[in-house]
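Since the structure comes first, as structure tokens, the remarks are kept for the end.
Coordinate-derived values only; no laboratory data. Since the structure is predicted, the reported quantities are computational estimates derived from the model, not experimental observations. Cβ coordinates were reconstructed from backbone atoms using ideal geometry, including for glycine residues, and neighbour counts include every protein chain displayed.
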Amino acid sequence: MSLWKIAWRSVQQRSLSSLLTGLSMALGVALVIMVLVVYGAVEQQFRQGGEGYHLIVGAKGGKLQLVLNTVYHLSQPIENIPYSYYKEFTEGKFAAFTEVVVPCCMGDSYLSGGQTYRVLGTTTDMFDRLVYGKNSDGSPRQYTFQAGRNFKSANFFEAVIGSVVAAKTGLGVGDSFQPAHGIVEEGDEAHEHQAFKIVGVLGPTGTPNDRAMFVNMEGFFLLEGHAKEAPPEESPAEKKDHDHDDHDHQAHDHPASDGTAEAHDHEGHDHPPAADKHDDHAHHAHAHHDHDHDHGHAHQPLPESQREVTALLVLLKNNLFSQGLFTRINEGQVAQAVFPVTEVETLLTKFVGPIQTVLLALTLLIIVVAGIGIMVSIYNSMSERAHEIAVMRALGAGRVTVLAVVLLESIIISLAGGLAGVVIGHGAIGLMSPYVLAETGVLLHVLSFQQQELVLVPGLVLLATFAGFLPALAAYRTDVARALIARP
Amino acid sequence: MLELSGLKKSFVEPNGATLPILDIPQFKVAAGEQAVIRGRSGCGKTTLLHVIAGITHPDAGSVTIDGVDVTRLPEAGRDRFRAEKIGYIFQTFNLLEGFSALENVLLGMAFTRGGADRGRACELLEQVGLGHRLDHRPAKLSVGEQQRVAVARALANRPRLLLADEPTANVDPGNQQQLVDLIREHCQSEEVALLLVTHEPTVAEQFSRVESLESFNQAVAS
């Protein structure tokens, strides 16, 4: 009969006490598992969000803010950069270094069910040429569509929405939505733009893009308040093309009908080329105006002189260019460049990491308390078990043997509780997974084990050894003769 | 086989006074011999068995079993010696409640170099008439059955010496004789020396050698 079996019989004999102490250990371990897995998933999502391109270029200001609103669709967008600067990356002085440059125009949102979703104006390259994160085999992840397709450059009022947006709002391919000007919250008076037609729903990416809506940048530019004031020398020509003051918009074809620039259908607000003179269109929502326009012609793209973009996602031809380009951009007066990976790392290290550390410390404290519970439980049983230990000693068990039996008992309870905790923890993750995915876009897998979990087993054995040491010492010191004489 | 020489043991009373319990100049039991020790309650019978078994260390003297002076062994050595050479039957059986009858017998073998021999344990339980109750816990066994398990456990390691401390004290008269017969037969068949402590005259009178503790323990005699 092995010492393990002797210890196990002792655990069984005090089944209720063993069960309760084991359960407290299980709950502690389950909490640690949940913290580890959730943090691991959040960390992965954060990292994935910043992958797929080398640089983010935006207006000068806070680097972290630029990353937060460009990658994570959080915080307020900072100022815009000129469209001409964007062209420098596609056709100008920086073009030789770049593989893909995706402009992002921010400042609009869509409110549904009390939840605000960011609306970004961008180009088709966002989903056709950029990738995000990596598969388990190291290959880059391509954007996929769970329904529909990417929007087309020629169809100004087409849109693609993230998987979480689709799940939460019920919007799908063929539906239309009207973005609101500014980042609106529930209760805000919002000025709604004309509608975009959804032509695609992205497959889940586990990135913040799951919670965003992407519209054709050309349509975005044409929305009210999104054109900056035309330069004086261009005004006459531009006004000739785009002044709608004399039109009646009631008869105007709208994008909601089929999403193309040729067939708009909106209900009365002035048109973007009229240059509503909102320089910081990203920062506010407009009061609603009643407009009574009517025109039946196709939309023309907004002149480049009136365009601005909020940020650029820059994928370089070679990573070797990144530092040089980074320096050149930042030395200039127009914009700043940031390495998203670096900023994400900073974000994780400075903000997310400490939170995880605090949570882990708290949950580890629960495990330690559970360990103390085991110690108290076994120690309290020692007086009634003194006779039992004395009998074992009389049968030839040495002091070290009875000490080992008590330690093994502590280890059995800890490990059994710990393993139950692993199952409970991952089970809880599995139960939470659909809710978390729907609410945040963070994908939690039941079996998403973290490396730190491997430390749990030796950690628990160590803790159990400490917890069992005091009662084991009591067993070690049992006065055999006296305990044998005493009635059991 | 067993030889006690100049053995002394005393305890310190709560008031600080020394209370001599054992003072045995000489006492011997031959190999395979069966002897009974009688004595009034509190005269040191159990202490004597504890000293022989190496559970209690004497103040002076030697306890030689099979040529080994147990008192000279370190504690771990005494434990191992006890596990392998000495069987012990307690007055209150002292079966472990969490273990089945078979496991209690296996426990008696668990602390030897050879480890537990399941076949031997089953065989012994068969011999004491409990082959059909191997998996029963002590609480599910009658008092007589519990004491038979205790006998099987004491004999499990094929000891050279069996110490029995009032083995019939808690057994009803009907079972007493059966138990004594069981112990004696097994000791005889396995050539185990038996030192049985009892205050039951009906038990003692069955043995050819009956010693009164007072007759060779000077601490009590004085």
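A few points about this structure:
- As a proxy for reagent exposure, B:Glu13, A:Glu388, B:Glu97 were ordered by neighbouring Cβ count within 10 angstrom, fewest first; the result is B:Glu13, B:Glu97, A:Glu388.
- Count Lys and Arg as plus one, Asp and Glu as minus one, and take only other residues whose Cβ is under 13 Å from that of A:Gln13; the net charge is then 0.
- Volume per residue for the range B:9-113 equals 159 cubic angstrom (convex hull of Cα atoms).
- If only the Cβ of Lys and Arg carry +1 and only the Cβ of Asp and Glu carry -1, the dipole of chain B around its Cα centre is close to 340 debye.
- Going by neighbour counts of Cβ atoms within 10 Å, the residues A:Thr98, A:Thr349 line up, fewest first, as A:Thr349, A:Thr98.
- Highest to lowest packing among A:318-329, B:127-138, B:47-58, scored as the average C-beta count within 10 Å: B:47-58, B:127-138, A:318-329
- Prolate/oblate/rounded label for the range B:106-222 (Cα gyration tensor, a/c 1.5): prolate
- Normalised by residue count, chain B yields a Cα convex hull volume of 128 Å³ per residue.
- Per residue of B:89-100, other chain Cβ atoms within 10 Å of the residue Cβ number 5 on average.
- Straight-distance crosslink candidates among lysines, where the alpha carbon sits under 17 Å from A:Lys63 and sequence neighbours closer than 8 are dropped: A:Lys350
- Average beta-carbon neighbours from other chains, 10 Å sphere, peptide A:477-485: 4
- For the protein assembly as shown, a simple Cβ point-charge model (Lys and Arg +1, Asp and Glu -1, everything else neutral) yields a dipole of about 5920 debye relative to the Cα centre.
- For chain B, the relative contact order comes to 29 percent (Cα pairs under 8 Å, sequence separation of at least 6).
- Taken over the protein assembly as shown, the convex hull of the Cα atoms encloses 220 Å³ per residue.
- Summary of the geometry: the range A:304-327 and the range A:424-478, compared by the centres of their Cα atoms, lie 45 Å apart.
- Note on chain B: dipole from Cβ charges, positive end direction compared against B:Gly144, B:Val70, B:Gly42; the farthest Cα belongs to B:Val70.
- For the range A:363-409 and the range A:104-143, distance of Cα centres in Å: 58
- Within the range A:1-44: backbone nitrogen closer than 17 Å to the A:Asn380 label point (7 Å, Cα to C-beta): A:11-25
- Test item: A:392-405 mean partner chain Cβ contacts at 10 Å: 6
- Once the Cβ-Cβ distance of A:Ile485 and A:Leu365 is raised to the sixth power relative to R0 = 45 Å, the FRET efficiency obtained is 0.55.
- Inter-label distance, A:Glu229 to A:Thr144: 5.0 nm, where each label sits 7 Å from its Cα along the C-beta direction.
- At most 15 other Cβ within 10 Å, DSSP loop - trypsin sites (Lys or Arg not before Pro), the range B:1-106: B:Arg40
- Estimated FRET transfer efficiency (B:Gln177, B:Gln26; beta-carbon r; R0 41 Å; 0.05): 0.80
- Whole-Å distance, taken between Cα centres, linking the range B:27-65 and the range A:19-44: 57
- Seen from B:Glu97, the other residues with C-beta closer than 12 Å to its C-beta sum to a net charge of +2, counting Lys and Arg as +1 and Asp and Glu as -1.
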